[in-house]
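J.: Submitted below is the structure of interest, expressed as structure tokens.
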Amino acid sequence: ASPGRPLPEHQSGPSSNPSESLATAMGLHQQGQHGQAREIYGAILARDPDHSGAHHYLGLLEHESGNPTPALEHLQRAVQSEGAEAFYWVNLGNLLKDLQRPQEAEEAYHHSLALQPGDALALYNLGHLYQLYSRWSEAAAAFGQAVTHQAEFLPAWHKLAAMELRANRRDQALAAAERAVALAPDDAAGWFHLGDALGRFERWPDSQQALERCLALQPQFPEAWNNLGLARKTQGDQAGAKAAFEAALQQSPLNDPGNAPFAAEIYANLAQLELDNHQLPAAQEYCTQALASNAQSAKVQFSYGNILNALGHYDAAASAMRLALELQNDFPEALNNLGNILLGLRRHSESIATFERAIAQRTDYAEALANLANAQREASYPDLAEKALQEAIRIKPEFAAAHSNLGNAYFDQGKLDLALKSYHRGIELGQDDRDFVPNYLFALNYSPSASDADIAAETRRLAQAKFGAIPSEPV
């Protein structure tokens, strides 16, 4: 989660107090006695209008009090003074960030780093600025430098894990999350980020365990409940997933407008859960609530597109997916599903280009590679499909559909022995035997080494092994 205003938690201070009066004012300031502190800061400036410390701390006080105009005036005077210190620029950057002046804020942080290279606080705040403006890779680089210079900077490790995930660098994200947990094993946030990273590796039991540890430490953690729902859903625990999503909703006040985007995400997850369970009316109801909460959410439009696709409204589904991608450019799952919709519409060249974009955003996306191969094969490029499926299998060796589809690509090229081998491997792994078995048996008819009796025996064996039934008549 993003931090709130960073000044109270991550505010710099000088190495020594410049004067007794300033020290008194700072003490009152820290105690929350802003009126008295303001008077003393003002008295110092009346005697010395260029006093950098008084300008700086008075600027902080005005910032904290919600008075941005005088805050900016004093902080700018502070950094322009002869006695300006590096951390003055950090706090000026924080104010400019809150004023939504990102370019000036970035320049302020870089001024600080020029004066004090490797300052972890300046790097942390610079990373947070990049995060606010979706500059994920730059944010990760800044947080990474922060922990390089301050190895036990726990919030920076948390941020680094989150930003590496947003930048689709799961190995680095996992390493950062593991480091955070090692530093603070009783900190719930570290386990949350670890669960999030493990999910990207599809290590769902491990992800679930990490999220459950997080919630044991901090039961009021709606983001963790939401992610736990995703982990449970992926493992087939539909009832447990729904309970987790509902817990996330209960901990997210729906009457708070600021909470609407997260509530919309949870509703979208519930909609997808019901869609996966073939409960289309319930999925539509949750999606309606998601759209009402935040129609400008990429995840909501993604779920909406999936529902429209299930309803057979393919052009509308494609439009929803495209809107999801406008709202969130780095969304490989939306590209993958859009590719499938376009493939269903037989728009092969568009479909292929869309799958390729998904893979460019997530190079380990085995499902998108398999779907790309389907599009390439339908477009009469079985050789390209073969290469894509081999890459999918390299990434995910037990990907049953990829093995079976590789059999299709081989069969199209007349590579019968390789096709039969791939079909057989798909059947061994098969989560979807009703597709895999017929393809294999059909190809077996073309094998010169398989007699009619062999094919009949194999058909009976697979019917019994896979479907619990034996054909009543010979095949």
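The values are calculated or read from the model by the stated rules, or taken from the named source; none is laboratory data. Here the structure is a predicted model, which means the values were calculated and not measured. For neighbour counting, all protein chains shown are included, and Cβ atoms are generated from backbone atoms with ideal geometry for every residue, glycine included. These area figures cover heavy atoms from the full protein model, side chains too; ligands, DNA and RNA do not enter into them. Shrake-Rupley method; radii C 1.70, N 1.55, O 1.52, S 1.80 Å.
J.: Being modelled with pLDDT of 95 or more, more than 21 Å from Gln328 (Cα to Cα) and surrounded by 17 or more Cβ atoms within 10 Å (Cβ to Cβ) is true for just one of Ala282, Ala247. Which residue is that? Please lay out each step first, then the result.
T.: Details: Ala282 fails: surrounded by 17 or more Cβ atoms within 10 Å (Cβ to Cβ).
From the options Ala282, Ala247, the qualifying one is Ala247.
J.: Right, here's the next one. Given Ala320, Ala316, which one is among the aliphatic types (A, V, I, L, M), part of a helix (DSSP H, G or I) and surrounded by fewer than 23 Cβ atoms within 10 Å (Cβ to Cβ)? Please lay out each step first, then the result.
T.: Values: Ala320 fails: surrounded by fewer than 23 Cβ atoms within 10 Å (Cβ to Cβ).
Going through Ala320, Ala316 in turn, the sole match is Ala316.
J.: Something else: Restricting attention to the stretch 142-167, and to residues there that are surrounded by fewer than 19 Cβ atoms within 10 Å (Cβ to Cβ) and over 15 Å from Leu121 (Cβ atoms), which single residue is nearest to the chain's Cα centre (by Cα)?
T.: That would be Arg166.
J.: Continuing with this model, one more query. Taking Lys299 as the residue in question, decide whether it is among the basic types (Lys, Arg), touching a residue at least 24 places away in the same chain (Cβ under 8 Å) and crowded, with 22+ Cβ neighbours inside 10 Å. Can you show your working first?
T.: Details: among the basic types (Lys, Arg): yes; touching a residue at least 24 places away in the same chain (Cβ under 8 Å): yes; crowded, with 22+ Cβ neighbours inside 10 Å: yes.
Taking the combined requirement at face value, the residue satisfies it.
J.: Do we have Leu254 as modelled with pLDDT under 95, of a type in the set (A, V, I, L, M, F, W, C), out of contact with any Asp or Glu (no Cβ under 8 Å at 6 or more places or on another chain) and in a loop (DSSP other than H, G, I, E, B) here?
T.: Details: modelled with pLDDT under 95: yes; of a type in the set (A, V, I, L, M, F, W, C): yes; out of contact with any Asp or Glu (no Cβ under 8 Å at 6 or more places or on another chain): yes; in a loop (DSSP other than H, G, I, E, B): yes.
So Leu254 passes the test.
J.: Report whether or not Gly66 is touching a residue at least 60 places away in the same chain (Cβ under 8 Å), not in a helix (DSSP H, G or I) and not aliphatic (A, V, I, L, M). Break it down stepwise before answering.
T.: On the way: touching a residue at least 60 places away in the same chain (Cβ under 8 Å): no; not in a helix (DSSP H, G or I): yes; not aliphatic (A, V, I, L, M): yes.
Here the answer is no, as Gly66 does not meet what is asked.
J.: Here is a further query. Taking the stretch 70-105 as the region of interest, how many residues are in a helix (DSSP H, G or I), of a type in the set (D, E, K, R) and open to solvent by 40 Å² or more (accessible area, probe 1.4 Å)? Walk me through how you get there before you give the answer.
T.: Step one: list which residues in the stretch 70-105 are in a helix (DSSP H, G or I), which gives 70-80, 86-98, 102-105.
Imposing the further condition that a residue be of a type in the set (D, E, K, R) reduces the set to 73, 77, 97-98, 104.
Subsequent filtering for residues that are open to solvent by 40 Å² or more (accessible area, probe 1.4 Å) retains 73, 77, 98, 104.
Matching residues across the stretch 70-105 total 4.
J.: Just to be sure I understand, how many residues within the stretch 124-136 are assigned to a helix (DSSP H, G or I), more than 8 Å from Met163 (Cβ to Cβ) and either open to solvent by 20 Å² or more (accessible area, probe 1.4 Å) or in contact with a strand residue (DSSP E or B) (Cβ under 9 Å, 6 or more places away or on another chain) (or both)?
T.: Total meeting the criteria: 1.
J.: Still on this structure: Between a residue in the stretch 312-323 that is more than 15 Å from Arg347 (Cα to Cα) and modelled with pLDDT of 95 or more and any residue that is open to solvent by 50 Å² or more (accessible area, probe 1.4 Å) and in a helix (DSSP H, G or I), which pairs come within a Cβ distance under 7 Å, given they are 6 or more apart or on different chains?
T.: Close Cβ pairs satisfying both conditions: Ala320/Tyr304.
J.: Determine, yes or no, whether Ala224 is touching a residue at least 24 places away in the same chain (Cβ under 8 Å) and open to solvent by less than 30 Å² (accessible area, probe 1.4 Å).
T.: On the way: touching a residue at least 24 places away in the same chain (Cβ under 8 Å): yes; open to solvent by less than 30 Å² (accessible area, probe 1.4 Å): yes.
The answer is yes for Ala224.
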